[in-house]
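Heads up: the structure comes next, in structure tokens.
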Amino acid sequence: MSDVTPIPKPAKRTKDKDFSKKVLAVSPRCVVCGMPATQAHHLKKRSHGGDDLVANGVGLDTLHHKMVEENQIRLTVNDLRPDNVEYLETQGLRWKFE
């Protein structure tokens, strides 16, 4: 008999093929510039355990989504709520949304 404890499987994660459509319905404007949002961005990446939940997404236009994905700008959020983006950071500058 072995004393090795098996590693538990992770809880089933939420995958939603309509994630983008749902996020854009509640976040129709780019959270960076206010232009119409064309893409949904995961606040917590799926590769880091984030799910396809509306609360884990924000709307971005194509340019700002690319910039976030390439780490040119960073969004800081409170409680992973799309309506609660607190800071935008880029090139050493930081803006607070109020």
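Just the residues that are in a helix (DSSP H, G or I) and of a type in the set (S, T, Y), please, taken from the stretch 19-71. Lay out the reasoning, then the answer.
Initial filter on the stretch 19-71 (in a helix (DSSP H, G or I)): 19-26, 46-48, 54-56, 62-69.
Within the stretch 19-71, S20, S47, T62 meet the criteria.
Take the conditions basic (K, R) and modelled with pLDDT under 85 and apply them to K96. Does it pass? Even if it seems obvious, please write down each step before you answer.
Numbers: basic (K, R): yes; modelled with pLDDT under 85: yes.
It is true that K96 is basic (K, R) and modelled with pLDDT under 85.
When you scan the stretch 16-33, do you find a residue that is modelled with pLDDT under 80, of a type in the set (A, V, I, L, M, F, W, C) and loosely packed, with under 14 Cβ neighbours inside 10 Å, even just one?
Within the stretch 16-33, not a single residue is modelled with pLDDT under 80, of a type in the set (A, V, I, L, M, F, W, C) and loosely packed, with under 14 Cβ neighbours inside 10 Å.
Is it the case that N71 is polar (S, T, N, Q) and surrounded by fewer than 17 Cβ atoms within 10 Å (Cβ to Cβ)?
So N71 passes the test.
The values are calculated or read from the model by the stated rules, or taken from the named source; none is laboratory data. This is a predicted model, so every value here is computed, not measured. A quick note on method: Cβ atoms are made from the backbone with ideal geometry, for glycine too, and the neighbour counts reach across all protein chains shown.
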